[in-house]
Amino acid sequence: MPQEVRCVWPVRALLGEGPLWSPTQGAVFFVDIHGSRILRHGLDDGTQMDWALEDAACWLVECADGDGFIAGLRSRRVVRLRLEPGRVVIAGELARIDPDRPGNRLNDAKADAQGRLWIGSMDDGEETPSGAFHRLDPDGSIACVDEGYTVANGPALSPDGRTLFHTDSAVRTIHAFDVDVDGRLSGKRAHIRFTEGDGYPDGMTCDAEGGLWVAHWDGGRVSRFRPDGTLDRTMALPVSRVTSCVFAGPALDRLFVTTAAHGIGRDGRPDEPLAGALFECDPGVRGLPPGRFGRPPG
């Protein structure tokens, strides 16, 4: 399988996360949580843009009605926003996650084919299991579907939408759940366990064949796992803190990978010139179309 890895934007994100493919804009968007930025990499012309935020975004999902994005903010607010030249416009608040847990923040989310959002929260200090997993439905109702996460990360859905994967990075475990038609979860089980040598499982995404692609924080690579959870192959990157990945392009055959510069070159860690960069890989398989929040008009 082709596995070339190349840097497409040496942006030095402190905590690059949440990559999103936008077919309508022909671009990959991602966030820099610690740098309080939203970033955009155009696939056709290579145009790169960024927007500064007062309240950092932890993830973005496009709206099904085509009117901007839904964003999860560090303050645990879920808002609708628009990206305009030189500014970010907050166009309304949809929900507040963990309102009684001020030490938490949002960390990762995905929309499914039914327009529902699956949202993880975490302890901002990464010390206590105060985080949880939530479902936000298109009608605005919200439900807590699982609890006890220290660092909730990387929801991903199987091609048929019947299996949902979610991670507690702090305990190096990717869980799998069964999903029914109403969005209820059951059958929680440990699907993949990382060893110390693997680093920590971070963001992830499924391909069209059911393979699960997982970023290794402090592991310097992205791995593909077969549907049964066994390791298929890995792609090494020239940085240690690999955070997430997304399939992009009209054919969904290009894999983009976000990374982090947070902590690199400090406290005895060697510097990595490309830490925080956006990378592109040739995965040899196709991904799944991105989910959008809400029901499209009509």
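Taking the numbered list (1) within 18 Å of the chain's Cα centre (by Cα); (2) within 22 Å of residue 28 (Cα to Cα) in turn, residue 76 passes all entries but (2). Scanning the range 252-273 for residues that are under 20 Å from the mean Cα position of the chain (by Cα) and of a type in the set (A, V, I, L, M, F, W, C) yields 252, 255, 256, 257, 260, 261. Among the residues of the range 27-61, those identified as part of a loop (DSSP other than H, G, I, E, B) and in contact (Cβ under 8 Å) with a residue 40 or more places away in the chain are 33, 34, 43. Close contacts from the range 161-176, counting a first residue that is among the hydrophobic types (A, V, I, L, M, F, W, C) and a second that is open to solvent by 10 Å² or more (accessible area, probe 1.4 Å) and assigned to a loop (DSSP other than H, G, I, E, B), with Cβ to Cβ under 6 Å and a gap of 6+ residues or different chains, come to 170/150. The number of residues in the range 162-203 being among the hydrophobic types (A, V, I, L, M, F, W, C) and touching an Asp or Glu at 6+ places or on another chain (Cβ under 9 Å) comes to 6.
Checking each residue of the range 216-235 against the condition of being farther than 22 Å from residue 191 by Cα, touching a strand residue (DSSP E or B) at 6+ places or on another chain (Cβ under 6 Å) and of a type outside the set (Phe, Trp, Tyr) gives no match.
Checked against (1) among the aliphatic types (A, V, I, L, M); (2) in contact with a strand residue (DSSP E or B) (Cβ under 8 Å, 6 or more places away or on another chain); (3) part of a loop (DSSP other than H, G, I, E, B), residue 174 passes all but a single condition, namely (3). Quick one: would you say residue 126 is in a loop (DSSP other than H, G, I, E, B), open to solvent by 10 Å² or more (accessible area, probe 1.4 Å) and closer than 21 Å to residue 18 by Cβ? Taking the combined requirement at face value, the residue satisfies it. Restricting the range 39-67 to residues that are closer than 20 Å to residue 111 by Cβ and more than 18 Å from the chain's Cα centre (by Cα), the residue that is least open to solvent (accessible area, probe 1.4 Å) is 64.
The values are calculated or read from the model by the stated rules, or taken from the named source; none is laboratory data. All values derive from a computational prediction rather than experimental measurement. Using ideal geometry, Cβ is built from the backbone for each residue, glycine included, and neighbour counts are taken over all protein chains shown. What goes into the accessible areas is simple: the full protein's heavy atoms, side chains included, and nothing from ligands, DNA or RNA. Shrake-Rupley method; radii C 1.70, N 1.55, O 1.52, S 1.80 Å.
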